[in-house]
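Structure record follows, encoded as structure tokens.
Just so you know, all these numbers are worked out from the coordinates, no wet-lab data involved. What you see is a predicted model; the values in this text were computed from it and never measured. Reconstructed Cβ throughout: ideal geometry from the backbone, glycine too, with neighbour counts over all protein chains shown.
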């Protein structure tokens, strides 16, 4: 079969010859490039000329990959921020609990120090809540009849006198604070031994020494302590500091006393369960129902 082209299309050398010629040229270029690196400069020139075209052709791919990476990074950052915020909230709660525990431990150690003063048997109680009556100053604690708590027993905190037990339930008790309007306490000035009665001033969070003689020796900064004459509180317990004295020429003197106890902040209390003994006479003084000699209602 004759494969030669028709006479009309016969122009120049044949296709086979051209194929063989181009093959030889390609082989020669490969040998020259492999042996002598003859085409390195040509390749660099062609690569430099085609680089902008390559970058233009790769731009859609790079843009798509960048957008996907950005979206993935934003999602990961959002998730990481959420985890960090959750961890921060959990750490803040743990820190608050640790601080509360440390504060309670400090109050307990100070209460134990108060107990070691030789004030007799006592029980530690925790404040549950404050009563809602706006005209009284009372707290509910988590100790009651089952723990040996009785009406009239003194209540202290780590800094001084806090109040008195006024009502007892099987597992809880009501404490009337020292600042209640119906609460009174027999006290004396530590500096000179002047005795007086301290009255609760109500919501002001203070005490008042009323009906004092006009020329009485009392001044700002004097510490007021329990006198022990009421038969309820042992003598010498801190009650508060005098912060103001109002003197009248022909009338009585009134002294304002800031309580030593943390009336508004305390959480741990100490309830004295034994009547104290007078070391001079060796007798037990039975405690009445109220520090002023009245029965609590």
Theoretical gain in end-to-end length, residue 14 to residue 262 [0.36 nm per residue, Cα-Cα removed]: 77.7 nm
Cβ-based exposure ranking for 74, 224, 149, in which fewest neighbours within 10 Å come first: 74, 149, 224
Proxy reagent accessibility, fewest Cβ within 10 Å first, across 31, 254: 31, 254
Cα gyration tensor category, rounded, prolate or oblate, for region 122-284 with a/c compared to 1.5: oblate
Proxy reagent accessibility, fewest Cβ within 10 Å first, across 246, 48: 48, 246
Global form of region 128-187, assessed from the alpha-carbon gyration tensor, a/c cut-off 1.5: oblate
Förster radius 51 Å - calculated FRET efficiency between residue 43 and residue 80 (Cβ-Cβ, nearest 0.05): 0.65
Centroid-to-centroid separation of region 182-218 and region 45-83 [C-alpha atoms, Å]: 82 Å
Gained length - residue 29 relative to residue 50, 0.36 nm times residue gap less alpha-carbon distance: 5.4 nm
In nm, spacing of pseudo-spin labels at residue 195 and residue 63 (7 Å Cα→C-beta vector): 9.9 nm
Computed lengthening from residue 135 to residue 72, 0.36 nm per intervening residue step minus Cα-Cα distance: 16.4 nm
